[in-house]
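J.: Mind having a look at this structure? Questions to follow.
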Amino acid sequence: MAIEAIDQMASEAESILLTVIAGLEASIPQLATRRSLEIHFVAAASHEVSARAITEEFLHHLPALRELTIHFVGPEARLPVGMQQSSPNLACEECKSGGATRRWALHTMEYHRFLAANPGRRPDLIVGLNTGFSEVAVASWAPTMDAICALGVPVVFTAYSLPEARMEAGLLRGRGCSFIVDVEENKWRGVIPRVNKGIKYTQGILALYSSFYWYVFRGRQ
């Protein structure tokens, strides 16, 4: 079943790309004509960082795009010792010949600390995949969510389950955020099931999928 396994791994990585593009389409008018984009992944860990090469496809799906900058930010955002934590222009040769640049950087810190260290930085989109901020490390998430909401930029968040996504959305509404896309199934979800016995007993669901549900919101203006 090697061929099927490779196909699933490729589709799993594409899930990140296509979910983010859907978020961009939902929140940025005239996306097709944008010349530059800066995207921040919050709570980034191995799942997001390992898919950094596929971000080349942003340039291919958005042919007007000439400058793409991506920041992976989170306490677990790291590469093995000795590997570069930021990149030169990694656009493919064809994109480079058209004047395009693709750069990324890793920041092993909480997002609110990253913003404090980079005052004035304002991304076009913030992405948080399966953060679980309403259930895991809630207290440590609070300053990050305050910072995200204060920016007032579009934000894409995903969750493994519907109850989790709804709980997160409720907390965000309580912070005064407005929704561009309300909680719904994400047609670009991951394809590799993750068996979770706890969820089976509490929700009657045997397997979870990465980014099964998603929503797009904007913080306080």
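The values are calculated or read from the model by the stated rules, or taken from the named source; none is laboratory data. These numbers come from a predicted model, not from an experiment. Here the Cβ positions follow ideal geometry from the backbone for every residue, glycine too, while neighbour counts run over all protein chains shown.
J.: Under the condition of being surrounded by fewer than 16 Cβ atoms within 10 Å (Cβ to Cβ) and out of contact with any Ser or Thr (no Cβ under 8 Å at 6 or more places or on another chain), which residue from segment 88-103 is nearest to residue 67 (Cα to Cα)?
T.: 99
J.: Given the residues 50, 46, 87, which is the only one that is in contact with a strand residue (DSSP E or B) (Cβ under 8 Å, 6 or more places away or on another chain) and modelled with pLDDT under 90?
T.: Only one candidate qualifies: 87.
J.: What number of residues within segment 29-49 satisfy the criterion of being surrounded by fewer than 16 Cβ atoms within 10 Å (Cβ to Cβ), on the phi < 0 side of the Ramachandran plot and over 13 Å from the mean Cα position of the chain (by Cα)?
T.: Of the residues in segment 29-49, 5 are surrounded by fewer than 16 Cβ atoms within 10 Å (Cβ to Cβ), on the phi < 0 side of the Ramachandran plot and over 13 Å from the mean Cα position of the chain (by Cα).
J.: Same structure, new question: From the set of residues in segment 139-172 that are modelled with pLDDT of 95 or more and among the polar types (S, T, N, Q), which is surrounded by the most Cβ atoms within 10 Å (Cβ to Cβ)?
T.: If we take residues in segment 139-172 being modelled with pLDDT of 95 or more and among the polar types (S, T, N, Q), then 158 is surrounded by the most Cβ atoms within 10 Å (Cβ to Cβ).
J.: Which of the residues that make up segment 131-146 are under 18 Å from the mean Cα position of the chain (by Cα) and either on the phi > 0 side of the Ramachandran plot or β-branched (Val, Ile, Thr) (or both)?
T.: Residues satisfying the conditions are 131, 132, 136, 144.
J.: Could you tell me whether any residue of segment 173-184 is exposed (fewer than 15 other Cβ atoms within 10 Å of the Cβ), at pLDDT 95 or above and closer than 23 Å to residue 47 by Cα?
T.: Looking for residues that are exposed (fewer than 15 other Cβ atoms within 10 Å of the Cβ), at pLDDT 95 or above and closer than 23 Å to residue 47 by Cα, one finds at least one in segment 173-184, hence yes.
J.: Select from segment 104-131 the residues that are surrounded by fewer than 17 Cβ atoms within 10 Å (Cβ to Cβ) and not in a helix (DSSP H, G or I) and list them in ascending order.
T.: Of everything in segment 104-131, those that are surrounded by fewer than 17 Cβ atoms within 10 Å (Cβ to Cβ) and not in a helix (DSSP H, G or I) turn out to be 105, 108, 109, 118, 119, 120, 121, 122.
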